[in-house]
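The values are calculated or read from the model by the stated rules, or taken from the named source; none is laboratory data. If you're wondering where the values come from, they're calculated on a predicted model, not measured in any experiment. Glycine gets a Cβ as well: all are built from the backbone with ideal geometry, and neighbour counts include every protein chain shown. Surface accessibility is based on the protein's heavy atoms, side chains included, excluding ligands, DNA and RNA. Shrake-Rupley method; radii C 1.70, N 1.55, O 1.52, S 1.80 Å.
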Protein chains: 2
Amino acid sequence: MKAALIIIGNEILSGRTQDKNLSYLANWLNEIGIQLSEVRVIRDEEKAIIDTVNHLRSEYDYVFTTGGIGPTHDDITSLSIARAFGVELEINDKALAILKEYYKDGELTEARMKMTMIPVGAELVDNPVSKAPGFKMDNVFVMAGIPSIMQGMLEGARRFLKGGDVVKSMSIDVFTPESNVAQALTDLQKKYDDVEIGSYPFSKDNRFGTTLVMRSSNEKRLHQCDEELKELMKEYDTNY
Amino acid sequence: MKAALIIIGNEILSGRTQDKNLSYLANWLNEIGIQLSEVRVIRDEEKAIIDTVNHLRSEYDYVFTTGGIGPTHDDITSLSIARAFGVELEINDKALAILKEYYKDGELTEARMKMTMIPVGAELVDNPVSKAPGFKMDNVFVMAGIPSIMQGMLEGARRFLKGGDVVKSMSIDVFTPESNVAQALTDLQKKYDDVEIGSYPFSKDNRFGTTLVMRSSNEKRLHQCDEELKELMKEYDTNY
């Protein structure tokens, strides 16, 4: 099972805000056997949202969006999603009931009413943090951009998601530059075509090192690969 | 002038590594009048790289890629870029000279020789940190994924880049939920169509607040908008 994430927000693209949702979603999906396979960060522009959503929802099992479902003028995600699916954006009775209960009399202003507008045919995704819900339209999950709210909504989205094989990972750090171990890794990767072996250089305490990451849905092969890798690394790092 | 960034790396998509290049590049480009308009995070897969590069290089003035130009088996960016442009990947004499100078006799192994392989027709982009260069192919800049190296390469890429109008930004924090100020912002945005006004909720010390960001290449209008916004915010926050 494969998923894509669309991060909608000029504030990410301007460099003002550092995204925190990508890695959280990736790890959360991993645990239920869904692989995050592509991410796009796009501007708060209707055409960009429509084109991106329509392309990715046909390519992946699930698409998640973050950002742009709040009450202000720059929140145009819900309307754009409705247009991507060719449906109307209307006041959703359940969403209205939720916000009526949350806000005191007179507090449910026109701006806040915007958050009750949901594409026709969508199912709501609960927001345990600040109540205004996200929604699911076909295989597209529309969530808030604020990390704490997005994380809460993910729990609400859980019941709609069917996971696949869970990919497990193991990793070791070797204190040698990655070019030293490149050939050994190439050979090992050929032998373990069901394990994805990645190599990531780092420097720590003025020494160069390489983190070697193995990922596979076959846990037995993963452990075999790990054993063999450690054996191979004895030549380069006396810790193994 | 508009740019796109392609982050190439399974380690970002698995959630293992938090990307730090997006916000750095965005801010760096802002300062020379280039707007980062789209980002894609894709897997280390040839077809994904070729398709993404070829699509984005026709859409944007500049495309930057990060990741996948090291010495190991999972570093396939240079080859994929060559194929995207329909050219060969060959030993580049300048890159070879740089690495021959950097490594002692016998240290320039087959794995490290991989880092001298550059698409035919590309110009090198200096790497002040670890020497193995990036490169520029037409409007595509191919850089390392490690933030310190990527940041060094950007300085080397500077001479190829032509900036446009510099977009300046101003921002204020208001201690009120964004739904309270939504209508005022909508009205202000209509009045200032050359200023992009963004609204970003936050919570601090158990109080809800909203950061209001104004961005424009017209500095005079930006300051006018800022003055007017502060005036409007007096109703919601006694600090103004």
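Worth a mention:
- The range B:2-160, relative contact order in percent, only Cα pairs under 8 angstrom and at least six apart counted: 23 percent
- With loop membership from DSSP and a limit of 12 other Cβ atoms within 10 Å, the longest segment of chain B without trypsin sites (Lys or Arg not before Pro) is B:1-103.
- Cβ-vector label at 7 Å, A:Asp205, separations to other copies in nm: 4.1
- Nearest-ten-degree value, helix A:46-59 long axis tilted from longest Cα axis of chain A: 50 degrees
- Computed FRET value (nearest 0.05) for B:Lys204 with A:Arg207, which takes r as the C-beta separation and R₀ as 60 Å: 0.90
- Derived scalar couplings between HN and Hα for the range A:100-107 equal 5, 6, 6, 9, 5, 3, x, 8 Hz in order, rounded to whole Hz, by the Karplus curve 6.51 cos²θ - 1.76 cosθ + 1.60 (θ = phi - 60°), x for Gly and Pro.
- Candidates per chymotrypsin sites (Phe, Trp or Tyr not before Pro) in the range A:126-200, loop by DSSP, up to 16 other Cβ within 10 Å: A:Phe175
- Per-copy distances of the A:Val129 label point, shortest first, in nm (7 angstrom along Cα→Cβ): 3.1
- The range B:37-86: chymotrypsin sites (Phe, Trp or Tyr not before Pro) falling in loop per DSSP and having at most 13 other Cβ within 10 Å: none
- Restricting the calculation to alpha carbons of chain A gives Rg and Dmax of 22.2, 72 angstrom.
- Shape call, the range A:168-233: gyration tensor on alpha carbons, a/c limit 1.5: prolate
- Accessible area per residue (1.4 Å probe, heavy atoms of protein chains only) ranks A:Ser14, B:Ser217 as B:Ser217, A:Ser14, with the largest value leading.
- For the chain pair B and A, the interface hides roughly 4200 square angstrom of accessible area in total, found with a 1.4 Å probe.
- Gaussian network model of chain A, Cα within-10 Å springs - most flexible of A:Ile118, A:Ile172, A:Ile81: A:Ile172
- Considering the rotation that superimposes chain B on chain A, the residue of B whose beta-carbon lies nearest the axis, and that distance in Å, is B:Arg40, 3.
- Separation of alpha-carbon centers, the range A:21-77 and the range B:1-77, rounded to whole Å: 17 Å
- Per-atom-type breakdown for the range A:194-240 gives carbon and sulfur 43% of the accessible area (1.4 Å probe, protein chains only).
- Pairs of Lys residues in the range A:168-233, spaced 8 or more positions apart or belonging to different chains, with C-alpha separations under 20 angstrom: 9 in total.
- Globularity index of the protein assembly as shown, i.e. its alpha-carbon radius of gyration over 2.2 N^0.38 Å: 1.06
- Whole-Hz couplings from phi, Karplus 6.51/-1.76/1.60, listed for the range B:63-75; x for Gly and Pro: 10, 10, 10, 10, x, x, 10, x, x, 9, 4, 8, 8
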